[in-house]
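Asker: Before I ask anything, here is the structure I am working with.
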Amino acid sequence: MSKLPYCVKCGVELDNSANKCVLCGTEVVLSCQKDITPYPKEKAEVSQLNSKFIASMLTIMLAIPNVACFVINMIYFAGVYWMYYVFGGSLVVWMIFIFPMLLKKKRPILHVFMIFLSATLYILLISIAVSGMDWFLILALPISIAVMFLLFIIIFIVDRTKPGKLKTTSVSLTAVILLCLIVEILVDYYVTANISLSWSYVVAGSIVPVIIFLILLSGNKKMQDELIKKLHI
């Protein structure tokens with residue numbers, strides 16, 4: 001094994017291809033210096049699995065049980081469309097996990113919107129199967145729309161302002177409070193046609209102090225460091 005050269009000024013061990021010392025910058029002159037590089041000259045890309053191919057395989061795997069359920073439903077349970085539950089559930093799963101693989105870059109708003117459409121269609125299929133369009137139009141659809149818009153607002157705020165983890169959590173908890181209020185209003189209107197808020201106030205009263213604490217904590221770097229040390233996080 002050949003010995004590696006040393007810097008004449010500081011004595012640091014050098015690579016055979018080095019032209020100068022990495023520590024002091026002294027020029028290296030070797031009578032028998034070879035044209036050797038520590039790294040390969042050619043750049044080669046690391047082979048990666050094609051996300052679209054994986055998405056296609058997962059789609060086929062998800063479609064097979066749906067086709068089987070359709071055939072079984074049509075042959076043995078004609079008139080009872082329980083296959084709607086399988087179709088709708090599979091569509092939601094596809095939108096959540098497989099659809100993002102087909103996108104070249106992350107597009108959270110589009111992803112949320114597609115999940116909203118699939119979930120709404122799933123609920124619609126359930127309402128058709130149980131012959132209950134009233135609860136879908138008055139209750140399920142408005143709640144789905146509310147969830148979608150609240151998620152849009154959270155994504156928009158996080159994307160534009162980059163508020164950090166603490167403030168993002170505060171915004172998300174605020175959205176939870178608003179969603180609880182909307183759900184209680186819709187349920188009260190659907191069941192009794194009379195809006196009387198009760199449990200949503202309890203949720204709001206429990207979450208608001210947490211939101212205030214997180215906002216105050218986000219502006220106090222010293223307190224954050226102390227909590228990290230105390231909680232070992």
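The values are calculated or read from the model by the stated rules, or taken from the named source; none is laboratory data. Every value quoted in this text rests on a predicted model; they were computed, and no experiment measured them. Positions of Cβ are backbone-derived with ideal geometry, glycine not excepted, and every protein chain shown enters the neighbour counts.
Asker: Being free of Cβ contacts under 8 Å to residues at least 24 places away in the same chain and closer than 28 Å to H111 by Cβ is true for just one of T174, T168. Which residue is that? Don't jump to the end; show me each part of the working.
Answerer: Values: T174 fails: free of Cβ contacts under 8 Å to residues at least 24 places away in the same chain.
Just a single option satisfies the conditions, and that option is T168.
Asker: Right, D134: charged (D, E, K, R), assigned to a helix (DSSP H, G or I) and within 26 Å of A55 (Cβ to Cβ) or not? Outline the logic, then answer.
Answerer: Working: charged (D, E, K, R): yes; assigned to a helix (DSSP H, G or I): yes; within 26 Å of A55 (Cβ to Cβ): no.
So D134 does not fit the description; no.
Asker: Among (1) modelled with pLDDT of 90 or more; (2) in contact with a Lys or Arg (Cβ under 6 Å, 6 or more places away or on another chain), where does P100 come up short?
Answerer: Among (1) modelled with pLDDT of 90 or more; (2) in contact with a Lys or Arg (Cβ under 6 Å, 6 or more places away or on another chain), P100 violates only (2).
Asker: List the residue pairs whose Cβ atoms are under 7 Å apart, where the first residue sits in the range 70-99 and is over 16 Å from L124 (Cα atoms), the second is loosely packed, with under 14 Cβ neighbours inside 10 Å, and the two are 6 or more positions apart or on different chains.
Answerer: From residues that are over 16 Å from L124 (Cα atoms), the pairs are N73/W82.
Asker: Here is a list of conditions, (1) touching a Gly at 6+ places or on another chain (Cβ under 6 Å); (2) loosely packed, with under 15 Cβ neighbours inside 10 Å, and L125 meets all of them except one; can you say which number that is?
Answerer: Evaluating L125 over (1) touching a Gly at 6+ places or on another chain (Cβ under 6 Å); (2) loosely packed, with under 15 Cβ neighbours inside 10 Å leaves (2) as the failure.
Asker: Moving to a separate point now. Return the total of residues in the range 67-85 being surrounded by 17 or more Cβ atoms within 10 Å (Cβ to Cβ) and of a type in the set (A, V, I, L, M).
Answerer: 1
Asker: Among the numbered criteria (1) in a helix (DSSP H, G or I); (2) modelled with pLDDT under 60, which one does F53 miss?
Answerer: Tallying (1) in a helix (DSSP H, G or I); (2) modelled with pLDDT under 60, F53 fails exactly one: (2).
Asker: Shifting gears a bit: Could you pull out the residue among K229, K167 that is basic (K, R) and surrounded by 13 or more Cβ atoms within 10 Å (Cβ to Cβ)?
Answerer: Values: K229 fails: surrounded by 13 or more Cβ atoms within 10 Å (Cβ to Cβ).
Of the residues listed, the single one that is basic (K, R) and surrounded by 13 or more Cβ atoms within 10 Å (Cβ to Cβ) is K167.
Asker: Residue by residue through the range 186-215, note down the ones that are loosely packed, with under 12 Cβ neighbours inside 10 Å and not in a loop (DSSP other than H, G, I, E, B). First the steps, then the outcome.
Answerer: Initially, the range 186-215 is screened for residues loosely packed, with under 12 Cβ neighbours inside 10 Å, giving 191-196, 198-199, 202, 205-206, 209, 212.
Correct list: V191, W199, V202, G205, S206, P209, I212.
To keep it simple, each residue is scored yes or no on (1) of a type outside the set (D, E); (2) within 18 Å of the chain's Cα centre (by Cα).
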{"residue": "P100", "(1), (2)": "yes, yes"}
{"residue": "R107", "(1), (2)": "yes, yes"}
{"residue": "S118", "(1), (2)": "yes, yes"}
{"residue": "K167", "(1), (2)": "yes, yes"}
{"residue": "T174", "(1), (2)": "yes, no"}
{"residue": "C180", "(1), (2)": "yes, no"}
{"residue": "E184", "(1), (2)": "no, no"}
{"residue": "V202", "(1), (2)": "yes, no"}
